[in-house]
Every structure is written in C-alpha cells, then in structure tokens.
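Following: one structure in structure tokens, then a few remarks.
The values are calculated or read from the model by the stated rules, or taken from the named source; none is laboratory data. From a predicted model like this one, the values you see are computed outputs, not experimental measurements. Every residue, glycine as well, gets a Cβ built from its backbone with ideal geometry; the counts of neighbours run over all protein chains shown. For the accessible areas, the whole protein counts, side chains as well, though only heavy atoms, and no ligand, DNA or RNA atoms are used. Shrake-Rupley method; radii C 1.70, N 1.55, O 1.52, S 1.80 Å.
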Amino acid sequence: MQKKIRIGLFDSGVGGLTVLCACRRVLPQAEYFYYGDNFHAPYGSRSKEEIEAFVTEGLEALKRHKVDAAVLACNTATAVCAEAMRKKFSFPILGMEPAVKPAAEKYRDILVLATPRTAESERLRELVGRFPDRRITVCALPGLAGAIEAHLTKGTPLTLSDHLPAGIFPQAVVLGCTHYTFFRREISAFYNCEVFDGGEGTARRLFSLLKIGRRDHPKPPDIHFQPPPSSKNFSFGGVIFLGKARKMNKKLFYSNVCSII
Ligand code: DGL
C-alpha cells in the first residue's frame, strides 16, 4: 500500500484551518497534522523573537509526527520567520503569500488587510512593489485576528465593523491573515467587492512543490470530522491538533467551524 503523504500545518490558532480546508480540497488523500498555538494567540503584535520561538516549538512537534512538508498557515509567522525556519528544519516549509497577484491581475484599486507584523513586513512591501501600476493600500488591523480567535473558540461576540477600516471603496480586498477567511463573505459584503485569500494558491504551491500534482475533484468533498473514539485519542480523519491546542480538538471538531469555509 502506498504511504500517505503527511502534511503539517502551523498557525497561531484556528486561522490555519482555512488553509487546511483548501489543502484537503486539493488533496483529500493526504494525512494532515495541525498545530494551532492558541495558547499564545494572537501573534500579531508580539515580538519577532517570541514568534520565532513559538513557531520553532510548533514545527518541532510536527517533525515528531514525521511530516513530509509543513505549511506556515499564518501570514504573520511567514513574514517574521519563514526563512529562519527553513534553515532549522530539513523538511520543506511553505509560507503564506497574500493573494495580491491574483487580485492585481484583475483589479486596479486593492485593499490588503493584515496583522500589524505582516503589514509592516519587508516581504509584503516587496510583494506590493511588484505591481507599481496598481493602487494597493495595506491596512494593519491590530485586533481582528484575536477577536476572531476568541469568537470562534470562546463565543466572544464579534462586531466586524469595529475592526474594518470604513470610508474606502476598493475594487478588491486581499485577506492577509488566515483568520480573516472565516469572514470572507461578510468582508466582501462590507466593501461590496471581490475578496481574495491565499488558501487555494498555497495548497496548489504545496502540491506542486511535493510533485504530487493536483487531483481534480468535480465537487470538493465535504469535510467531516468524526467524534473522537476516545477522549485520549483525537484522530479526526487523519487530522489532529497538537501542542497546547490539543484541547481544541473536541471543541472545534464538534462545532462546524470548517464547514463555513
Ligand atoms: N492567522 C494568523 C495570520 O495569518 C494570525 C496571526 C495572529 O495570531 O495575530 O497572520
């Protein structure tokens, strides 16, 4: 029997689940390991040193699960330490790239929403600089990732309009944080324009990196997470939470967080 490819995903919390869903749509046969560091989330305003230490801890855990490759399903972690992590670990590590390119291919006036760390990063500046004939506004949202994390995991009320910059009328919005994808539809309605996120593009880059090719499915399979067979063994159709986020397994998979993507 062919060995299943093992893919690790890392995020500061639940945001990377949006990328996990995209990966599973592209390659449902792979086995996924998800490390959501919800104990330390949100990362957005933390120091580079702190973020690097947390990401190292997460990737060490994924390494113990013998992953063939890992995705930093977190724009902030990617912006801060993707290069450093590639030097530390021997498996391929793929980062997130805000979907500025597909948005710029279609529209002229673009708003990029991101955490403060991502918004100020050299990586994003460089990406935006590749499209000099487009009007691209990058806006740092200090509280939104944390508010979404708290909303989805603790039920804390969330008012999106408290976080989104108003009075601007872009032709397209790019979500530069994986948490925001949970509210893709609402953000699209708020700005009345098309919204782009990096999940699907990341999934495609991952599978071309692994040279396993895209398997097309006429209809994306629904994502079903089975209740745990025992409280000690969380193995949800090949997906598990690791680290401090282990306690999230029960809660998240019983809820329909993933099915809203
Ligand atoms: N999902 C993370 C990202 O894509 C959120 C970072 C945070 O915890 O602030 O940036």
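Run the 1.4 Å probe and let me know the accessible area of Leu209, rounded to the nearest 10 Å².
The value for Leu209 is about 80 Å².
Given the protein chains as shown and a 1.4 Å probe, how many square angstrom of Asp133 are accessible, to the nearest 10?
Approximately 100 Å² of Asp133 is accessible to the 1.4 Å probe.
If amide hydrogens are placed 1.01 Å from N in the peptide plane, which non-local residues have theirs closer than 5 Å to the one on Phe196?
Val173, Val174, Leu175
To the nearest 10 Å², what's Arg117's accessible area with a 1.4 Å probe?
Rounded to the nearest 10, that gives 60 Å².
Between Lys88 and Phe131, what is 0.36 nm times their sequence separation minus the Cα-Cα distance? Round to one decimal in nm.
12.3 nm
How far apart, in nm, are the 7 Å Cα→Cβ label points at Lys3 and Ser161?
5.4
Pop out the carbon and sulfur fraction of the accessible area of the stretch 54-101 as a percent, whole number, probe 1.4 Å.
50
Projected onto the charge dipole of the stretch 33-74 (+1 at Lys/Arg Cβ, -1 at Asp/Glu Cβ, origin at the Cα centre), which of Asn38, Ala53, Ala73 gives the Cα projection farthest towards the positive end?
Final value for the positive-end residue is Ala73.
Between Glu122 and Glu49, with labels modelled 7 Å along Cα→Cβ, what's the label distance in nm to one decimal, could you check?
Those two pseudo-labels are separated by 1.9 nm.
Using +1 on the beta carbon of Lys and Arg, -1 on that of Asp and Glu, and nothing else charged, what's the dipole of the stretch 1-112 about the Cα centre, debye to 20?
That gives a dipole near 480 debye.
Quote to one decimal, in nm, the extra length available between Gln29 and Asn192 on full extension: 0.36 nm per residue of separation minus the C-alpha distance between them.
Result: 55.1 nm gained on full extension.
Kindly sort Glu49, Glu97 by accessible area of their heavy atoms, largest first, with the probe set to 1.4 Å.
Final ranking, largest accessible area leading: Glu49, Glu97.
More than 18 Å apart: what percent of Cα pairs in the stretch 100-204 qualify?
It works out to 46 percent of all Cα pairs.
Could you tell me the center-to-center distance, by alpha carbons, between the stretch 40-79 and the stretch 84-149 in angstrom?
Result: 17 Å between the Cα centres.
For the stretch 1-128, what is the accessible area per residue in Å², given a 1.4 Å probe and the full set of protein chains?
39
With contacts defined as alpha carbon pairs under 8 Å and 6 or more residues apart, what's the relative contact order of the stretch 1-118 in percent?
The normalised contact order for the stretch 1-118 reaches 29 percent.
Leaving ligands, DNA and RNA out of it, rank Cys139, Cys81 by accessible area with a 1.4 Å probe, largest first.
Listed by decreasing accessible area, they come as Cys139, Cys81.
What's the whole-number percent of alpha carbon pairs in the stretch 1-145 lying beyond 19 angstrom?
Percent of Cα pairs beyond 19 Å in the stretch 1-145: 53.
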